[in-house]
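Asker: Structure in structure tokens, see below.
The values are calculated or read from the model by the stated rules, or taken from the named source; none is laboratory data. Predicted model only: the values in this text are computed from it and were never measured. Reconstructed Cβ throughout: ideal geometry from the backbone, glycine too, with neighbour counts over all protein chains shown.
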Amino acid sequence: MVRPDGPFRAFVLAAGLGTRLRPLTSSIPKPMLPVVGRPMLDHALALAGAHGIAPHEVIVNAHHHWRWVAAWAEQRGVGLQIELPDILGTGGGLRAARERLAERFVVLNGDILCDVDLTALLEAVPPGGAAMALREDARLGALAPVEADDLGVVRRMRDFAGAPGRGRPGTFFTGIHACTRELLAHAPDGFSCILRTAYRSVIDLGLIRSVSHAGVWLDVGAPAEYLDANLAVSSGAVVAPAGHGAGYVVVGDGVVVGPGARLDGQARRSVVGAGAVVPGEASLDDCVVWDGLVVPPGAHRRAVLWGEPGAVAQVLAVDALPPAQV
């Protein structure tokens, strides 16, 4: 189902199953997980807005726990595409929205926190083609290489398109891209990957361009990454597009607290959600507490405290990520 709005200048991918983020996504879709009081989708919408794309020019797709996304879209005035009974993937999802999309549009990923220059990305799109935001990273560039030549033309996409050695090594795809509606003719109906279908069909024609991105880029697709994104934003190390949630304030040692929260226990470098309770017999160190939860007694370190509002929080301990290799 597609709401009869448009044309849409931005498509936000939010239908994924959130497998890597389980158990956090057992009852809430990944793009609705809070980052310092704002759902991830708010940050995608704010990034689009910073480049002149209004909420009514944005469409979001939904599948896993789709009612959460539908409610968010209704509140924000955003277009909605519900994919039921089956998820359509990046290719099928874009293909299904084809008639409602602008001639050129950007594609944002609901679990990526970034400040990619969407204006530059749109301007880089050639007729009938696309442009991908690429980032330098030795590890990810080796695991999943997407490489462009010195003119910015993408020459290789992993192991399924293009050829090794034609582009500069050490870069990967950020998940943020822009393309023409015309290109979607190369994507089949039903489930598909946009890279393995439409993009693959035109890469050898030089119709996939690139924009280098060296700014903020955080993949929030796994528990450790989710926790670290919250801590980076709460500490000020990263400025998120939508900022902090309304009423969130900084207190003490790098602690950000939501409205109505009660902090009786000790906390360091943590995010305490709105209405949450940290009793005197509990302590937090590098933690995130979701809204309305009661923190159980004990010392909690590098953990996401999650669950339904009003309940005692469930505690998901998270190992530290290895240092980034950029």
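Asker: Consider region 274-286. How many of its residues are more than 13 Å from residue 312 (Cβ to Cβ) and in contact with a Leu (Cβ under 7 Å, 6 or more places away or on another chain)?
Answerer: 1
Asker: What residue, among those in region 214-228 that are closer than 26 Å to residue 271 by Cβ and assigned to a loop (DSSP other than H, G, I, E, B), is farthest from the chain's Cα centre (by Cα)? Spell out the reasoning first.
Answerer: Step one: filter region 214-228 for residues closer than 26 Å to residue 271 by Cβ, giving 215-228.
Now narrow it down to the ones that are assigned to a loop (DSSP other than H, G, I, E, B): 215-216, 220-222.
Numbers: 215: 15, 216: 12, 220: 6, 221: 8, 222: 11 Å.
Within region 214-228, the match that is farthest from the chain's Cα centre (by Cα) is 215.
Asker: In region 108-120, how many residues are hydrophobic (A, V, I, L, M, F, W, C) and surrounded by fewer than 22 Cβ atoms within 10 Å (Cβ to Cβ)?
Answerer: Looking only at that region, the number is 1.
Asker: Considering only region 65-98, state which residues are surrounded by fewer than 17 Cβ atoms within 10 Å (Cβ to Cβ), among the acidic types (Asp, Glu) and in contact (Cβ under 8 Å) with a residue 60 or more places away in the chain.
Answerer: 86
Asker: Also, I was wondering about something else. Out of (1) at pLDDT 95 or above; (2) assigned to a loop (DSSP other than H, G, I, E, B); (3) within 18 Å of the chain's Cα centre (by Cα), what's the single condition that is false for residue 260?
Answerer: (3)
Asker: Collect the residues in region 173-196 that are in a strand (DSSP E or B) and in contact with a Lys or Arg (Cβ under 6 Å, 6 or more places away or on another chain), keeping them in residue-number order. Outline the logic, then answer.
Answerer: Let us first name the residues in region 173-196 that are in a strand (DSSP E or B), namely 173-180.
Within region 173-196, 174, 180 meet the criteria.
Asker: Could you go through region 235-256 and let me know if any residue there is crowded, with 17+ Cβ neighbours inside 10 Å and part of a strand (DSSP E or B).
Answerer: Yes, that holds for at least one residue.
Asker: Considering region 81-136 alone, what residues qualify as being out of contact with any strand residue (DSSP E or B) (no Cβ under 7 Å at 6 or more places or on another chain) and either among the hydrophobic types (A, V, I, L, M, F, W, C) or outside the structural domain of residue 44 (by TED's automatic domain parsing) (or both)?
Answerer: Within region 81-136, 84, 87, 88 qualify.
Asker: Buried (at least 21 other Cβ atoms within 10 Å of the Cβ) and under 12 Å from the mean Cα position of the chain (by Cα): does that describe residue 45?
Answerer: Yes: the conditions hold for residue 45.
To keep it simple, each residue is scored yes or no on (1) modelled with pLDDT of 95 or more; (2) out of contact with any helix residue (DSSP H, G or I) (no Cβ under 7 Å at 6 or more places or on another chain); (3) not assigned by TED's automatic domain parsing to the domain that holds residue 127.
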| residue | (1), (2), (3) |
| --- | --- |
| 231 | yes, yes, yes |
| 253 | no, yes, yes |
| 270 | yes, yes, yes |
| 297 | yes, yes, yes |
| 304 | yes, no, yes |
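Asker: Scanning region 15-25 for residues that are assigned to a loop (DSSP other than H, G, I, E, B) and more than 12 Å from the chain's Cα centre (by Cα), which turns out surrounded by the most Cβ atoms within 10 Å (Cβ to Cβ)? Please lay out each step first, then the result.
Answerer: At the first step, the residues of region 15-25 found to be assigned to a loop (DSSP other than H, G, I, E, B) are 15-18, 22-25.
Applying the additional criterion that residues be more than 12 Å from the chain's Cα centre (by Cα) yields 17, 22-25.
On the way: 17: 14, 22: 13, 23: 13, 24: 22, 25: 20.
Checking each candidate, the answer is 24.
Asker: Still on this structure, please answer the following. What residue, of 92, 128, 141, is farther than 27 Å from residue 45 by Cβ and either assigned to a helix (DSSP H, G or I) or hydrophobic (A, V, I, L, M, F, W, C) (or both)?
Answerer: On the way: 92 fails: farther than 27 Å from residue 45 by Cβ; 128 fails: either assigned to a helix (DSSP H, G or I) or hydrophobic (A, V, I, L, M, F, W, C) (or both).
Among 92, 128, 141, only 141 is farther than 27 Å from residue 45 by Cβ and either assigned to a helix (DSSP H, G or I) or hydrophobic (A, V, I, L, M, F, W, C) (or both).
Asker: Go through region 47-80 residue by residue and tally those that are touching a strand residue (DSSP E or B) at 6+ places or on another chain (Cβ under 7 Å) and either at pLDDT below 95 or among the acidic types (Asp, Glu) (or both).
Answerer: 1
Asker: Please state which one of 28, 59 is within 16 Å of the chain's Cα centre (by Cα), under 23 Å from residue 259 (Cβ atoms) and buried (at least 17 other Cβ atoms within 10 Å of the Cβ).
Answerer: None of the others qualify; the one that does is 28.
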